[in-house]
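Okay, so here's the structure we're looking at.
The values are calculated or read from the model by the stated rules, or taken from the named source; none is laboratory data. Here the structure is a predicted model, which is why all the values come from computation and not from measurement. Cβ sites come from the backbone with ideal geometry, for glycine too, and all protein chains shown count toward neighbours.
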Amino acid sequence: MHERQGLPTGLSAIQFEQVGVWRRTDEGRRDLLRDVDWNVRGGEHWVLLGANGAGKTTLVRIASAQLRPSSGVAWVLGKRLGRTALTEIRREIGVLDPLLARRFYPEQTALDVVLTGATQSILVVEDADAATRDRARETLALVGARDLAGRHFSVLSEGERARVLLARALVAAPRLLILDEPAAGLDVAGRLLFQHALEQALAARRDLTTVTVTHELHTLPRATTHALLLRAGTVVAQGPVEAVVTAESIAACFDVPLDAAARAL
């Protein structure tokens, strides 16, 4: 299987310094993120927690080199955004966004979808060489989806699609993996199979750095090492998951009573 060297342990995969993002509206400036400091080391597995509208998607779009900050400085995989072409940085980042599933054509098979991860497009990769096709099949096998290779992506269940999209994000052996609400809409069986597939992938790529976006505490990957909690575009807490995912921080992050937060843990 094609391998790309991950970041040495201790080096930063993502580093934000006073990062802010805002938009101009008829009412004036609207802040989406405010003064975010964040440091993700190579090999760490972070989860971003927050209610809808907290700024998680904006934060992860910067982390995946899809958006430059309005203020502050951001480095991704050692490259400063604004001084390096975003397309160059994105070549080393795998992204799983369930919304992407809507963009593929009905005739594309699961193998076709995985192959698009090698070119970071949604188009059928008709000229893929034998080595690339073998790598795509190996990646499908890694996530427990080998038997889906020849089936049309459009007829797969939501859980099967999630695993195929995970294979697509992994096929180019990224150094950084971004998962944006990967378990959204999955039933219990689909969620369990996806979590198992992710665990298998992380066991095979121990140097891989990951960031998972979610607002559901019960979907946290078992491999999670760190957490960042957002509310209204500002950081509530961040650090090792055992230290920061507490009743107090959950209550502040989601604006719920402390006893309700304690029952969620």
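Might you let me know whether the stretch 166-176 holds any residue that is of a type in the set (Lys, Arg), in contact (Cβ under 8 Å) with a residue 24 or more places away in the chain, over 27 Å from residue 220 (Cβ atoms) and not in a helix (DSSP H, G or I)? No, the stretch 166-176 contains no residue that is of a type in the set (Lys, Arg), in contact (Cβ under 8 Å) with a residue 24 or more places away in the chain, over 27 Å from residue 220 (Cβ atoms) and not in a helix (DSSP H, G or I).
Here the condition is being in contact with a strand residue (DSSP E or B) (Cβ under 9 Å, 6 or more places away or on another chain), at negative phi and free of Cβ contacts under 8 Å to residues at least 24 places away in the same chain; of 17, 88, 92, 27, it holds for 88 alone. Taking the stretch 191-225 as the range and being closer than 19 Å to residue 243 by Cα and of a type in the set (A, V, I, L, M, F, W, C) as the test, the residues that pass are 211, 213, 217, 220, 223.
For the stretch 226-245, filtered to residues that are hydrophobic (A, V, I, L, M, F, W, C) and under 20 Å from residue 18 (Cα atoms), the residue that is surrounded by the fewest Cβ atoms within 10 Å (Cβ to Cβ) is 232. Which of the following residues is surrounded by 21 or more Cβ atoms within 10 Å (Cβ to Cβ), in a helix (DSSP H, G or I) and touching a residue at least 12 places away in the same chain (Cβ under 8 Å): 100, 115? It is 115. If residue 39 satisfies all but one of (1) surrounded by fewer than 16 Cβ atoms within 10 Å (Cβ to Cβ); (2) more than 17 Å from the chain's Cα centre (by Cα), what's the number of the condition it fails? Condition (2) is where residue 39 drops out. Of the residues making up the stretch 49-73, those that are crowded, with 18+ Cβ neighbours inside 10 Å, assigned to a loop (DSSP other than H, G, I, E, B) and in contact with a Leu (Cβ under 6 Å, 6 or more places away or on another chain) are 50, 54, 55, 65.
For residue 200, the conditions (1) closer than 23 Å to residue 40 by Cβ; (2) touching a strand residue (DSSP E or B) at 6+ places or on another chain (Cβ under 8 Å) all hold with the exception of (2).
Looking at the structure I just gave you, is residue 144 outside any helix (DSSP H, G or I), under 21 Å from the mean Cα position of the chain (by Cα), surrounded by 20 or more Cβ atoms within 10 Å (Cβ to Cβ) and touching a residue at least 12 places away in the same chain (Cβ under 8 Å)? No. For the condition modelled with pLDDT of 95 or more, touching a Phe, Trp or Tyr at 6+ places or on another chain (Cβ under 8 Å), more than 18 Å from residue 177 (Cβ to Cβ) and not polar (S, T, N, Q), residue 81 qualifies. Might you let me know whether the stretch 201-210 holds any residue that is without any contact (Cβ under 8 Å) to a residue 40 or more places away in the chain and touching a Ser or Thr at 6+ places or on another chain (Cβ under 9 Å)? No: zero hits.
For (1) more than 22 Å from residue 222 (Cβ to Cβ); (2) surrounded by 15 or more Cβ atoms within 10 Å (Cβ to Cβ); (3) modelled with pLDDT under 95; (4) among the charged types (D, E, K, R), each residue gets a yes or a no:
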residue	(1), (2), (3), (4)
111	yes, yes, no, no
123	yes, no, yes, no
150	yes, no, no, no
183	no, yes, yes, no
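The residues of the stretch 203-223 that are over 23 Å from residue 175 (Cβ atoms), in a helix (DSSP H, G or I) and either touching a strand residue (DSSP E or B) at 6+ places or on another chain (Cβ under 9 Å) or of a type in the set (Gly, Ala, Ser) (or both), listed by number, are 217, 219.
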